[in-house]
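Working notes for the structure below.
The values are calculated or read from the model by the stated rules, or taken from the named source; none is laboratory data. Given the structure is predicted, the values throughout are model-derived calculations rather than measurements. As a convention, Cβ positions derive from the backbone with ideal geometry for all residues, glycine included, and neighbour counts pool all protein chains shown. Please note that ligands, DNA and RNA were not included when accessible areas were found on the heavy atoms of the full protein model with its side chains. Shrake-Rupley method; radii C 1.70, N 1.55, O 1.52, S 1.80 Å.
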Amino acid sequence: MDMLVVQGGCTLRGHVFVDGAKNAALPIMAASILLDGDIRIKRVPDLVDVQTMSLLLQSLGAEVTRSGDTLDIDTRDVACQHADYELVRRMRASVCVLGPLLARFGRASVSLPGGCNIGHRPIDLHLKGLAALGADLRIERGYVIGEASQLRGADIFLGGPGGSTVTGTCNVMAAACLAKGHTVIRAAACEPEVADLGRFLNGAGARISGLGTSTIEITGVEGLTSVTHTVVPDRIEAATFAIAAAATRGNISIHDVCPEHMASVIEALEDIGATIHVAADQLDISATGSLRSIELAALPFPEIPTDTQAQFMALMATVPGISVVTDRVFPDRFMHASELVRMGAQIRREGASVVIDGGRRLTGTSVMASDLRASAALVIAALAADGESQIRRIYHLDRGYARLEQKLNGLGASVIRRADGSAQAKRPHYLQGDSARSKGSQSQRD
Ligand code: UD1
């Protein structure tokens, strides 16, 4: 297993380009099961999670070929409707194949994704939505078994205690494309990645309206055909670079972004004291002046994404004053806090919030990544800290960031990937046999 060795105390400067959004690419790939034609998806990030989704589609009988950042997918010969635990447990988004399999074949058996390091993550809303479309669903031996002779359009309320569900909306919206009649999804997720899936499906002949709003309407069609689609920019990757620039009091330009997907993040960074210039597909951020503490809360889009909460926490640890960071989407997503404390941050947990007494000197040390965005937070803290840090278990990072160390080094950082020979460097359970599974090696499945 690899670790990242980060020399702290740098100031990020220069230009960086973001990839396509992981959280759009994954449900789009899953929904390709619905299509009967040539599928070309451009700007697909080269990530472990994308490789896992490719393996899952191949295990069902699809052909998936990558050429540069383009994926060609052919699902015409899909013959298997069984998504195995061995693949699904690696990545939660695998559950996005459930709706498409049911809609196309009338049956599916998909492993439940299981536990997760960022808190309890049920899929009851996915099941509720698909049942409302007429699927007969039961849980048996860790699998969701679904049957549906003909899905029928329905009026579905998909809200839950944590608000809307992103992949739940994707699953139900995709299935409804081939249902007979009209479907309305209320309390639908408004995230840009859900809208991007909708555009992909519409490009293949679906009739979806209301994308980007909390009411999505779908008129079922007989079939979906060929499509070429370009994935939206990764707003979480872009936000991670912007927050890293602020944490190092740097000055960077982030290219290939969609600024309107990042309004809440931009506003929070401006509230902290950064200066941001927004162009069509570019953000310039300068944080060379003095920064101030803030209170911020992660909520569903268009508010601050929970996937940036950890990175903001690392930033606020560098800013003098008391900051409060709350996560209303995943109220237990704070495993990174104790690693940040090991680097010298003063952080106290209070329910779904942490209180940060910022501006203490951070010092480099050996820290352990617990999930994907927590890993990014540790990298940010390490860039801002004095001395060297070793960030272990970075397989989490590789699930969601492509070439992160090259991109950071292009901005003037010193980040080296090295083999980690330490005792803590257990291989992730999904790269090992079952016997090697342990709590510490659970992957985060966002
Ligand atoms: C997606 C993203 C993940 C992001 C999250 C929230 C992908 C692949 N992953 O995950 O990066 O952190 O959105 O923006 O797109 N819930 C239920 N029942 C359900 C489903 C969800 O109660 O059936 C709750 C969850 O516990 C959570 C909230 O709803 O409190 C939001 O979760 P959800 O939007 O479903 O997250 P994911 O789609 O799994």
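Close amide-amide hydrogen proximity is noted between residue 232 and 21, each under 5 Å apart and 5 or more residues distant or on a separate chain (H modeled in the peptide plane; Pro and chain starts excluded).
One Cα centroid belongs to region 23-37, the other to region 367-411; the line between them spans 29 Å.
Overall, the anisotropy analysis places region 22-230 in the rounded class: the square-rooted eigenvalues a ≥ b ≥ c of its C-alpha gyration tensor yield a/c less than 1.5.
Would region 338-405 count as rounded, prolate or oblate if I go by the C-alpha gyration tensor, calling it rounded below 1.5 in a/c and otherwise prolate when a/b exceeds b/c, oblate otherwise?
Details: a/c = 2.23, a/b = 1.33, b/c = 1.68.
It is oblate, given that a/c is not under 1.5 and a/b is not larger than b/c.
The H on the amide N of residue 385, modeled in the peptide plane, is under 5 Å from the matching H of 9, each at least 5 residues off or on a different chain.
Using just its DSSP H runs of length 4 or more, each adding -39500 (n - 2.57), the chain gives a mean residue ellipticity at 222 nm of -8500 deg cm²/dmol after division by all residues.
A full extension of the chain between residue 186 and residue 131 corresponds to an added length of 18.3 nm, given 0.36 nm per residue minus the alpha carbon distance.
Surface composition of the chain: carbon plus sulfur atoms contribute 48% of the solvent-accessible area (1.4 Å probe, protein chains only, all chains present).
Counting only DSSP beta bridges with both residues in the chain, the antiparallel share comes to about 70 percent.
Between 297, 25, 242, the Gaussian network model of the chain with springs among Cα atoms under 10 angstrom shows the greatest mean-square fluctuation at 297. Assuming charge only on the beta carbon of Lys and Arg (+1) and of Asp and Glu (-1), the dipole of region 182-328 about its Cα centre is about 120 debye to the nearest 20.
Any idea of the accessible area per residue across region 22-230, 1.4 Å probe, to the nearest Å²? Spell out each step's value before the answer.
Details: 7520 Å² over 209 residues.
For region 22-230, the solvent-accessible area averages 36 Å² per residue.
Between residue 363 and residue 338, what FRET efficiency comes out of the Förster formula 1/(1 + (r/R0)^6) with R0 = 25 Å and r the beta carbon distance, rounded to 0.05? E(calc), rounded to 0.05, equals 0.95.
Using a simple spin-label model with pseudo-atoms 7 Å out from Cα toward Cβ, residue 124 and residue 215 lie 2.6 nm apart. In order along region 223-230, the phi-based Karplus estimate (6.51 cos²θ - 1.76 cosθ + 1.60, θ = phi - 60°) of 3J(HN,Hα) comes to x, 10, 10, 7, 7, 10, 9, 10 Hz; Gly and Pro are listed as x.
Figure legend: label point modelled 7 angstrom from the Cα of residue 256 along Cα→Cβ; residues of region 272-316 with amide N under 15 Å from it are 281-283. With the Cα gyration tensor of the chain giving a ≥ b ≥ c as the square roots of its eigenvalues, does the rule (a/c under 1.5 for rounded; else a/b larger than b/c for prolate; else oblate) give rounded, prolate or oblate? Verdict is prolate for the chain.
Quick check: residue separation of residue 279 and residue 147 times 0.36 nm, minus the Cα distance between them. What number comes out in nm? Before the final figure, lay out each step's value.
On the way: separation 132, 0.36 × 132 = 47.52 nm, distance 4.84 nm.
So the extension gain works out to 42.7 nm.
Scanning residues 5 or more positions from residue 80 or on other chains, none has an amide H under 5 Å from its amide H, with H placed 1.01 Å from N in the peptide plane. Our coupling estimate for region 2-18, obtained by passing each phi through the Karplus curve with A = 6.51, B = -1.76, C = 1.60 and θ = phi - 60°, is 9, 10, 9, 10, 10, 8, x, x, 8, 10, 6, 8, x, 10, 9, 10, 9 Hz, Gly and Pro reported as x. Of the residues 308, 225, 165, the one that moves most in a GNM of the chain with alpha-carbon contacts below 10 Å is 225. Against the chain, whose longest principal axis comes from its Cα atoms, helix 372-384 is set at around 20 degrees. Region 194-267 and region 300-339 have their alpha-carbon centroids 22 Å apart. For region 48-59, 3J(HN,Hα) computed residue by residue from phi via the Karplus equation (6.51, -1.76, 1.60; θ = phi - 60°) reads 4, 4, 5, 5, 5, 5, 4, 4, 5, 5, 5, 5 Hz, glycine and proline entered as x.
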